[in-house]
Amino acid sequence: MTNIAGKAYAMNVVTPSNPRVTWINRLLFMAARGMPERLMGLLGLSLIHFARWVIIKPQDWPDLGQGRQKIDNDYMLFCSNFNGTWDQYIDAFSDGIPNGLNLFWFSATKYPLSIPVTPFKTYITHNQIHTDYYYNATPGAAQRDIKTSLAMYDALLDLEKAHKSQTPEEFAKTYKAAVARVQAGFGDTGFGPVASLSTESADLNRGDYIASASEG
């Protein structure tokens, strides 16, 4: 399960696209960058770390010694990192920006539309390429954990300043107000919910390996 690092999941999807119409997708991507408010349904999903769509032309594929390949299609590469399970992510995407997904995969071969979600999930499953190696600098923290931790850090700096100038009674009120303001930051870092038995087995095996390595 190399797709998973702590609470985060890496998804890579490669879909063939009709080269006669991918120019329309390029225009749509340009419009999306110019009008980011159209993507508020996506930007508002706090479980997403990163999402990117790239169109790969036949001549862009690298020759790593296998020789030049004859490729008839353009390909859409979708890369994303997110928190939560695979199903939660696809559901959130389908609910958040269904029309946006349909536009982004406009030229994709046999794309079933994002609603209903079952055919969409089947399509993603058949075109997903599993990650061979996934590095995450903060595997035990979700995006929300990081944001709330930064807020707590700022609150601690403010409390440090207040402690120098306030009376004990005044500081007690300031402290309680600060705790109430940043209490969402008292989260639990570590591994996310078990997404499958395979994930659980991978976590157990990883723990045994780390313990063995630590012992020398």
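The values are calculated or read from the model by the stated rules, or taken from the named source; none is laboratory data. Here the structure is a predicted model, which is why all the values come from computation and not from measurement. Virtual Cβ from ideal backbone geometry, glycine too; neighbours counted across all protein chains shown. Calculation scope for accessible area: heavy atoms of the full protein, side chains included, ligands and nucleic acids excluded. Shrake-Rupley method; radii C 1.70, N 1.55, O 1.52, S 1.80 Å.
Out of curiosity, is Gln143 modelled with pLDDT of 90 or more and open to solvent by less than 70 Å² (accessible area, probe 1.4 Å)? Taking the combined requirement at face value, the residue does not satisfy it.
Scanning segment 106-147 for residues that are within 18 Å of the chain's Cα centre (by Cα) and either within 21 Å of Ile56 (Cα to Cα) or among the charged types (D, E, K, R) (or both) yields a total of 12.
Scanning segment 5-31 for residues that are farther than 20 Å from Tyr123 by Cβ and either buried (at least 20 other Cβ atoms within 10 Å of the Cβ) or among the small types (Gly, Ala, Ser) (or both) gives Ala5, Gly6, Lys7, Ala8, Ala31. In this structure, is Asp158 modelled with pLDDT under 85, surrounded by 11 or more Cβ atoms within 10 Å (Cβ to Cβ) and part of a helix (DSSP H, G or I)? Against the criterion (modelled with pLDDT under 85, surrounded by 11 or more Cβ atoms within 10 Å (Cβ to Cβ) and part of a helix (DSSP H, G or I)), Asp158 does not qualify. Quick check on segment 123-140: of everything there that is in a helix (DSSP H, G or I) and of a type in the set (S, T, N, Q), which residue is surrounded by the fewest Cβ atoms within 10 Å (Cβ to Cβ)? The qualifying residue surrounded by the fewest Cβ atoms within 10 Å (Cβ to Cβ) is Thr125. Tell me yes or no: at least one residue of segment 95-103 is of a type in the set (S, T, N, Q), free of Cβ contacts under 8 Å to residues at least 60 places away in the same chain, in a helix (DSSP H, G or I) and open to solvent by 30 Å² or more (accessible area, probe 1.4 Å). Yes, there is a match, as at least one residue in segment 95-103 is of a type in the set (S, T, N, Q), free of Cβ contacts under 8 Å to residues at least 60 places away in the same chain, in a helix (DSSP H, G or I) and open to solvent by 30 Å² or more (accessible area, probe 1.4 Å). Within segment 62-81, residues that are exposed (fewer than 10 other Cβ atoms within 10 Å of the Cβ) have Cβ atoms under 8 Å from residues that are among the aromatic types (Phe, Trp, Tyr) in these pairs: Gln69/Trp61, counting only partners at least 6 apart in sequence or on another chain. Figure legend. Inter-residue proximity from segment 18-33: first residues farther than 17 Å from Asp72 by Cα, second residues open to solvent by 50 Å² or more (accessible area, probe 1.4 Å) and basic (Lys, Arg), beta-carbon distance below 7 Å, spacing 6+ or different chains. Indicated pairs: Ala32/Arg38. Whether a residue is over 23 Å from Asn3 (Cβ atoms), surrounded by 14 or more Cβ atoms within 10 Å (Cβ to Cβ) and at pLDDT 80 or above was assessed, and Phe120 does not pass this test.
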